[in-house]
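Below is one structure, written out as structure tokens, with a few remarks after it.
Bear in mind that the values in this text are calculations on the coordinates, not laboratory data. Computed from a predicted model, the values in this text were never measured in an experiment. Heads up, the Cβs are rebuilt from the backbone with ideal geometry, glycines too, and the neighbour counts pull from every protein chain shown.
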Amino acid sequence: TYVVLKVQNLKSTTIDRRGSEPCWEQDFMFEICADGKGFIIELWKKGLLWDSILGVLWIPLATVEHATDEGPGTWWTLHSEVIKNGGEIQGTKTPTSYEILLDVYFARPF
């Protein structure tokens with residue numbers, strides 16, 4: 001499995017890991033515009049011919065706190081559907097059996 005993170009026009013992907021409890025321990029850092037609405041986390045399963053999505057999560061930027069250091073993280077339930085208004089993502093719905101542990105925060109400037 002691997003994770004894809006999408007925020008505004010940016011996208012980053014983890015390396016793929018095997019097992020039922022993969023761990024990536026990977027940091028992502030993006031410089032983004034203040035007018036952004038949120039970001040998407042996708043969990044994918046690598047396949048022989050094509051990959052399949054296991055779940056997706058929309059996190060609104062308004063809910064992300066500022067911090068100076070890493071925290072313990074939060075378990076998030078992944079969903080199977082994306083809610084859109086026009087072409088803009090508004091959220092996710094229909095929980096799956098998959099969860100992901102994320103530590104999400106805005107880093108304060110040094």
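The Cα-based radius of gyration of region 9-53, divided by its Kirkwood radius, gives an Rg/Rh of 1.03. Rounded to the nearest 20 debye, the dipole magnitude of the chain is 400 debye, with +1 charges on Lys and Arg beta carbons, -1 on Asp and Glu beta carbons, and the Cα centre as origin.
Dividing the Cα radius of gyration of region 1-85 by 2.2 N^0.38 Å, with N the residue count, gives 1.17. Average projection, convex hull of the Cα set of region 46-93: 5.5 square nanometres. Taking a straight line from the alpha carbon of LYS93, these aspartates and glutamates sit under 15 Å away, with near neighbours fewer than eight places off in the same chain left out: GLU42, GLU81.
With a simple spin-label model that places each label point 7 Å from the Cα along the Cα-to-Cβ direction, the separation between ASN85 and PHE28 comes to 2.3 nm.
The Cα center of region 12-41 and the Cα center of region 42-110 differ in position by 8 Å. Calculate the FRET efficiency for ALA62 and SER20 from the Cβ-Cβ distance with a Förster distance of 30 Å, rounded to the nearest 0.05. The computed FRET efficiency comes out at 0.35.
Straight-line cross-link reach from LYS37 at under 16 Å between alpha-carbon atoms covers these lysines, not counting any fewer than eight positions away in the same chain: LYS6, LYS11, LYS84.
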